[in-house]
Amino acid sequence: QVQLVESGGGLVQPGGSLRLSCAASGNIISSHTMAWYRQAPGKQRELIASITRAGSTNYADSVKGRSTISRDNGKNTVYLQMDSLKPEDTAVYYCFAEILASASASFIRYWGQGTQVTVSS
């Protein structure tokens, strides 16, 4: 059974920084794309950053230039460094990963449980 566990959320003042982590565990053979989504109250979940196994990245315009996604393939972990945080960054942040586990015949999409990020003074 594969699980994704996020950490690093919390309360931060405007202009501050946070680093989110998401570790995948279980009988993992390989992983493809890993990503971060977020969902603010009353809004749809949106993709904000993704990274391929080879390290190619993409960012939503809303976080481009302020955030950096990275991964450690050996640890099956993805990170999101967020700087210059704004109140509109307040949301629940979800980790996503495409993982091939030993009990599976193909890559399956998994989600983390979410971590709250609140940007407020």
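Listing for the model above:
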{"item": "Some residue of segment 78-88 being open to solvent by less than 50 Å² (accessible area, probe 1.4 Å) and among the polar types (S, T, N, Q)", "result": "no"}
{"item": "T52, sole failed condition from (1) open to solvent by less than 40 Å² (accessible area, probe 1.4 Å); (2) of a type in the set (S, T, Y); (3) modelled with pLDDT of 95 or more", "result": "(1)"}
{"item": "Within segment 1-87, strands (runs of 3 or more DSSP E) holding 3 or more residues that are closer than 30 Å to A103 by Cβ", "result": "3-7, 18-25, 28-39, 46-51, 67-72, 77-82"}
{"item": "Pairs with Cβ under 8 Å, 6+ apart, first in segment 8-22 and over 12 Å from Y79 (Cβ atoms), second small (G, A, S) and surrounded by 12 or more Cβ atoms within 10 Å (Cβ to Cβ)", "result": "G15/S84; S17/S84"}
{"item": "Q39 vs. criteria exposed (fewer than 14 other Cβ atoms within 10 Å of the Cβ), out of contact with any helix residue (DSSP H, G or I) (no Cβ under 6 Å at 6 or more places or on another chain) and modelled with pLDDT of 95 or more", "result": "no"}
{"item": "Residue that is farthest from S25 (Cα to Cα) [pool: residues in segment 48-74 that are among the charged types (D, E, K, R) and out of contact with any strand residue (DSSP E or B) (no Cβ under 7 Å at 6 or more places or on another chain)]", "result": "D61"}
{"item": "Residue in segment 33-46 that is touching a strand residue (DSSP E or B) at 6+ places or on another chain (Cβ under 8 Å), in contact (Cβ under 8 Å) with a residue 60 or more places away in the chain and more than 18 Å from G8 (Cβ to Cβ) present", "result": "yes"}
{"item": "Given (1) touching a strand residue (DSSP E or B) at 6+ places or on another chain (Cβ under 7 Å); (2) of a type outside the set (S, T, N, Q); (3) open to solvent by 30 Å² or more (accessible area, probe 1.4 Å), number of the condition A97 does not satisfy", "result": "(3)"}
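The values are calculated or read from the model by the stated rules, or taken from the named source; none is laboratory data. Please read all numbers here as calculations on a predicted model, not as lab measurements. Methodologically, a virtual Cβ is constructed for each residue, glycine included, from the backbone with ideal geometry; neighbour enumeration extends over all protein chains shown. With ligands, DNA and RNA removed, areas are computed over all heavy atoms of the protein, side chains included. Shrake-Rupley method; radii C 1.70, N 1.55, O 1.52, S 1.80 Å.
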